[in-house]
Every structure is written in C-alpha cells, then in structure tokens.
Amino acid sequence: MKIETEINSVDRILLAEVSEGFLPDEVFDIHAHVMEPSSYAPTTLGAHLNGWTISPARYREAMELVLPGRRLTGALFFPFPARDHDRSAINRWMYEELAKQPASFHARGLALVSPTDDPRPLEEAMADGRCVGLKTYHYYTGRADTSQVAVEEFTPEWMWRLCHQHGAILMIHLMRDAAVSDPENRDSLLRLSERYPNCQVILAHVARSFNHRTARGLRALAHRPNIYVDTSAIAESENIRLALEVLGPQRVLYGSDYPISHVRGRCVTVGDQMLWLYAEENKAPAMTLVAIESLIALRFACTQLGLRTKEVRGIFRDNALAVLGLYHR
Ligand SMILES: [Zn+2]
C-alpha cells in the first residue's frame, strides 16, 4: 500500500470522464487528515505513512492531482488517528498549521479526542475558534480488539454535550459489523442526537458503509436533522444513493479522506462484509486511486437520481459551508 504522489494515464482518463459535466468549479473537503510524525509512537503508523508530515499545504498540493482544474475552497482537517500518540501535541500542531493558511482557503480543524482526555483544552480551542469540533476514534477505548465497540465507548456523552454547547461538529467513524444497521449503534445515535440537537454529527464514510448493504440503517436516522454523512473513501454508489434518497442531498458531504484517497485500490462489498483491495497486494497496477473511484461512485449515484446542478454543488461545497456556519442558504 502506497500513497501516490503522481497520477498515471489510467487515472487521467478516468478523471477526465468523471469530471466533465459533473465536478463543480469549487470543492470543499469535509474529511481530510493532517499528520506530524513526532507526535506518534514508533510503529503505530503503517509503513506507507512512516515519516510523513502531512501539512495543509502538502494536502492541497496532493488534491490538485484529483480535482483537475477545480478550486479547493477549504477543508475540514483532523489528525490521522493512531493507537498511541500525543493527541494534545498533534492537535496544537494542527491549530498552528491552520492559522498559517491564507484567508481565501477555509481551513478548519477538528481536535482528535479520546474518552479519557481532559475536556478543558478542547473547550478553550472551540471557544476561541481554533477547532470547530471533535474527531473520535475507536482506538481510544483501550481494548485490543475495537471492532465491535459501541458509540458511547469512544464517543461518550461529554463530547456530545460539548459539541452541542458550541454548535460544533462531531465526526464519528462507526464500529460493529453492521455499522449504522446495528441496533445498538442506531439507538445510541438516535438518543444522543436528539438530546444534543446543536451537535452536528457527521457519520464518516456514509456511516462507515464500506459494506454498502449496511447503509440501509440510515433510514432510521432520517428524521434527525443534525445527522449528516460524508462520502470519503466510499467507492460504491449504492450506499451514496441511499444516503441521498433517505437524508436528502443537503445532508451528504464530499470528503476525500486524504491520504487514503491517494492509495491505489478500493473497498468493495462481498457477501456480508467489506474487503479492501490494494494494487500492490493484488498485483493489479491498473487500479486507480480511491479518490477517483469515489468520484465515479458519487457521479453514478447523483446521475441515477437525476440530481440538479445546485444539489451537486451542495454536496461538493455548500452543504459543508452551511454545516460550518460559513454560508447561509
Ligand atoms: Zn479518515
């Protein structure tokens, strides 16, 4: 697995096909990672990320490859999660990096947070605008196997309350096999999103429906206006289409998941599970980047539903600006 820094002729052809007549002039990315290796414990990052510094500037350069001729107007950044790292240091580094960005680029950040972290510095960062919400992750539950953890285990109630108080974003990567179709996950999301209605919940990767069949659980959340999904790293159209139908186009937001976006491969549904395929492991060099597969899936879903230009513009920019309070419909 490798993070690509160049694109090839296959990528160019596919990008040209998917962009023409679909990709709007301006794009806001709601799901982008930054990273500064000195805050990470050795061996906690995969070999493909070892030693990498991903600054907002490096990210912008990389995104130019997959958004040909389009203007990236901003991004919502958060540090890449790992099992063992100094979260307060990496959050501080991110705030400093975001402050260096030009005013013409809307650079916003989410603090990476564990259930045992002290809420006070996070609250201060929200109050003075250094961060606009929280990014939680299953690694921080302290268990060796985190595949089946419940929402509250890594996103306890104090995080919801804090985001509610500040009208902030809570970015959640669901766990458990059935993700949003899991009854316990569904009940947690319903209960907490109702109790904290100013908390803007973004369920990453179309509610982590890498197995697209699990996306059907979104139906139960459709009436909660503060629940959104991002499309990051999703390379199948069925789950995106379902999200567009069930939540409506205004609650679906484009995300890249950089640097995962620049891996050659994709995740597919097989039976009742998901399966990541990578070019190197499968000896399939003609695979394209996750970012390009994701755009193709998004276009297919939008076309199938006959979305209007304004709605597509919303997915790629305006919905994100509205969630961040940078744009009023
Ligand atoms: Zn991510």
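The values are calculated or read from the model by the stated rules, or taken from the named source; none is laboratory data. Every value quoted in this text rests on a predicted model; they were computed, and no experiment measured them. Neighbour counts run over all protein chains shown; Cβ positions are idealised from the backbone, glycine included.
Rundown of residues vs (1) without any contact (Cβ under 8 Å) to a residue 24 or more places away in the chain; (2) under 18 Å from Pro115 (Cβ atoms); (3) out of contact with any strand residue (DSSP E or B) (no Cβ under 6 Å at 6 or more places or on another chain), yes/no style:
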{"position": "Gln148", "(1), (2), (3)": "no, yes, yes"}
{"position": "Phe154", "(1), (2), (3)": "no, yes, no"}
{"position": "Met159", "(1), (2), (3)": "no, yes, no"}
{"position": "His173", "(1), (2), (3)": "no, yes, yes"}
{"position": "Val180", "(1), (2), (3)": "no, no, yes"}
{"position": "Ser188", "(1), (2), (3)": "no, yes, yes"}
{"position": "Leu192", "(1), (2), (3)": "no, yes, yes"}
{"position": "Leu203", "(1), (2), (3)": "no, no, no"}
Within region 82-109, count every residue that is under 23 Å from Arg317 (Cα atoms) and out of contact with any Pro (no Cβ under 9 Å at 6 or more places or on another chain).
7
For region 260-279, indicate whether the set of residues that are within 20 Å of Phe77 (Cα to Cα) and more than 16 Å from the ligand (Cβ to nearest atom) is non-empty.
no
Out of (1) within 16 Å of the ligand (Cβ to nearest atom); (2) within 20 Å of Leu65 (Cβ to Cβ); (3) not in a strand (DSSP E or B), the one Pro285 does not meet is (1)
Evaluate the following for Asn319: is it away from the ligand (no atom under 16 Å from the Cβ) and surrounded by fewer than 18 Cβ atoms within 10 Å (Cβ to Cβ)?
no
Out of all the residues in region 121-152, which are of a type in the set (Val, Ile, Thr) and in a loop (DSSP other than H, G, I, E, B)?
Val132, Thr146, Val149
Can you spot a residue in region 235-254 that is under 29 Å from Pro79 (Cα atoms), β-branched (Val, Ile, Thr) and in contact with a Lys or Arg (Cβ under 8 Å, 6 or more places away or on another chain)?
no
Suppose we keep only residues that are aliphatic (A, V, I, L, M) and within 16 Å of the ligand (Cβ to nearest atom) within region 59-80. Which one would you say is farthest from Val113 (Cα to Cα)?
Val66
Among residues of region 256-282 being part of a loop (DSSP other than H, G, I, E, B), over 17 Å from the mean Cα position of the chain (by Cα) and farther than 25 Å from Ala178 by Cα, the residue modelled with the highest pLDDT is Ala279
Every residue in region 29-58 that is hydrophobic (A, V, I, L, M, F, W, C), more than 16 Å from the ligand (Cβ to nearest atom) and closer than 25 Å to Lys100 by Cβ, please.
Ala57
Some residue of region 247-255 being within 16 Å of the ligand (Cβ to nearest atom), among the hydroxyl-bearing types (Ser, Thr, Tyr) and under 19 Å from the mean Cα position of the chain (by Cα):
yes
Members of region 185-241 that are away from the ligand (no atom under 16 Å from the Cβ) and of a type in the set (Ser, Thr, Tyr):
Ser188, Ser193, Tyr196, Thr214, Ser237
Any idea which of Tyr327, Tyr258 is among the aromatic types (Phe, Trp, Tyr) and touching a strand residue (DSSP E or B) at 6+ places or on another chain (Cβ under 7 Å)?
Tyr258
